[in-house]
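For reference, the structure discussed in these notes is given below.
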Amino acid sequence: MRISTVTFQNDSVNRMDDLQAALSKTQTQLSTGKKLQSASDDPAAMVQVNQLNVTISASTQYVTNGNAATANLQLEEQALSDATNTLQSARTLAVQANSPTLSAAQRQDIAQQLQQQLQDLISIGNRQDSNGNYLFSGTAAGTAAFAQSGNTVTYTGSSSVSQVQISGQQRISSGDTGASAFINIPAGNGTFTTSVGAANSGTASIGPGTVTNSSQWLPDTYTITFGTGGQYTVTNSGGTTVTSGTYTDGGSVSFNGIQVPLSGTPNATDTFTVSPAGKSSVFATLNSLITTLSSPGLSRAQIATQIGTGLEQIDAAVSNLGNVSASVGARLNSITSAQTTAKTVQTTLQGQISNLSNVDYTAAVTQLSTEELALQAAQASYASIAKLSLFNYLH
């Protein structure tokens, strides 16, 4: 087959262009450290790299979400701790106020201290983060969690909280509502509450009571009515007698699986009430104590009963705050665990991307040398052959 000079030249030039392009590509890879400069370099590898980058981006966002949730939950954790300390201080004051040796003026002084602690609690409940969002308002973060009108404090936030994605399979609550932390607390001992009749003239007071057999408890409003000589009758809301007996000072009255302690001497017609427990709030508890200590007309028995109820409520509130705080701690641990896993996954994926897209310098340097030699050989061959003509063979 005859090869023309033009064909030879074109083939040689194309070959040198290809070698020059390959050499330039290898040089670029070595200078940038990347062997994937475009999708055409290795389409399959580029697809994998893009998918891995998407996964890393999502994982990075989960870590960012976790950081934001952590900051919020840590602020909440501190607020719950401060609220607990405030309530414990209020409890100390309530115990102090229960002394029979205090005068009405001294109890009023304690009431004023409790009033300040009530304001402290409201302030804690309305704490904000650095962006001005209220910690305990749920999804209504721009609205103050609590509003006070006279002696009533109401929750004005949302009933739901924001959920934050901290991993591909896990979402957590980034906060708690003020209702769950400060408002919806079981009253009394959680099963029933006790109270003393407003018209009682004796010295007997009633304690919070306990449940001795929950299967026998029938939620209803019961009235304990005293006659002479310590005789008493327990009736339900329909007026039906449930039980009766004789009380002695320091004893208790038991019926329907519960037991309520009494102290002091009741007069005939004195009454006490046992009612199903509803819900109360830390604010209502302190307000009730303030009202009790600010009312000079109450009898010693009424003061003792109402303070006893207040102490029971404070204990329930402290327990509830402890439960919420424990939940916050568990969520913080979940975030830490998720972030540790995310960072480990990111490191692994980055390694895979590196294997797919980064240059193997040893192999690339060897390839560069080979391409340089090939190009030099092609150029030398072309230059040598291009000098030949028919006259070289005529002597």
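So if each residue of separation counts as 0.36 nm, and I subtract the Cα-Cα distance between residue 220 and residue 55, what length gain in nm does that give?
Numbers: separation 165, 0.36 × 165 = 59.40 nm, distance 5.85 nm.
Going from the current span to full extension adds 53.6 nm.
Rounded to two decimals, what ratio of Rg to Rh does segment 90-220 give with C-alpha atoms and a Kirkwood Rh?
1.09
Amide H of residue 193: which non-local residues (sequence gap of 5 or more, or other chain) have their own amide H closer than 5 Å, using H built in the peptide plane?
Here the answer is 275, 277, since their amide H atoms fall under 5 Å of that of residue 193.
Please list, in chain and number order, the residues 5+ apart from residue 146 or on another chain whose amide H is under 5 Å from its amide H, with Hs placed from the backbone.
Residues meeting the criterion, in which the H sits 1.01 Å from N, are 156.
What residues have an amide H closer than 5 Å to that of residue 253, excluding those fewer than 5 places away on the same chain, when H is modeled at 1.01 Å from N in the peptide plane?
Placed amide hydrogens put 260, 262 under 5 Å from residue 253.
Using only C-alpha positions, report the orientation-averaged shadow area of the convex hull of segment 114-175, nm², one decimal.
5.1
Using the Cα atoms of segment 46-139 to build a convex hull, what is its mean projected area in square nanometres?
8.3
Could I get the Rg over Rh figure for segment 221-317? Both from C-alpha atoms, Rh via Kirkwood, rounded to two places.
On the way: Rg = 14.6 Å, Rh = 14.8 Å.
Ratio of gyration radius to Kirkwood radius for segment 221-317: 0.99.
Which order, highest average first, do 216-225, 170-179 follow once you tally other Cβ atoms within 10 Å for each residue and take the mean per peptide?
Order by mean packing, descending: 170-179, 216-225.
Quick one: length gained pulling residue 240 to residue 268 fully straight, 0.36 nm per residue minus the C-alpha distance?
Using 0.36 nm per residue and subtracting the Cα-Cα distance, I get 8.1 nm.
On a full-extension model of 0.36 nm per residue, what is the gain between residue 233 and residue 249, subtracting their alpha-carbon distance, rounded to one decimal in nm?
Once the chain is fully extended between residue 233 and residue 249, it gains 4.1 nm.
Kindly write out, for segment 192-197 in residue order, the coupling ³J(HN,Hα) from the Karplus curve 6.51 cos²θ - 1.76 cosθ + 1.60 (θ = phi - 60°), rounded to whole Hz, with x marking Gly and Pro.
Per-residue couplings from phi come out as 8, 10, 10, 8, 9, x Hz.
Mind checking Rg over Rh on segment 195-277, alpha carbons, Kirkwood formula for Rh?
Details: Rg = 11.7 Å, Rh = 12.6 Å.
Using only Cα positions, Rg/Rh for segment 195-277 is 0.93.
Just so you know, all these numbers are worked out from the coordinates, no wet-lab data involved. Quick caveat, the model's predicted, so the values are computed rather than measured. Every residue, glycine as well, gets a Cβ built from its backbone with ideal geometry; the counts of neighbours run over all protein chains shown.
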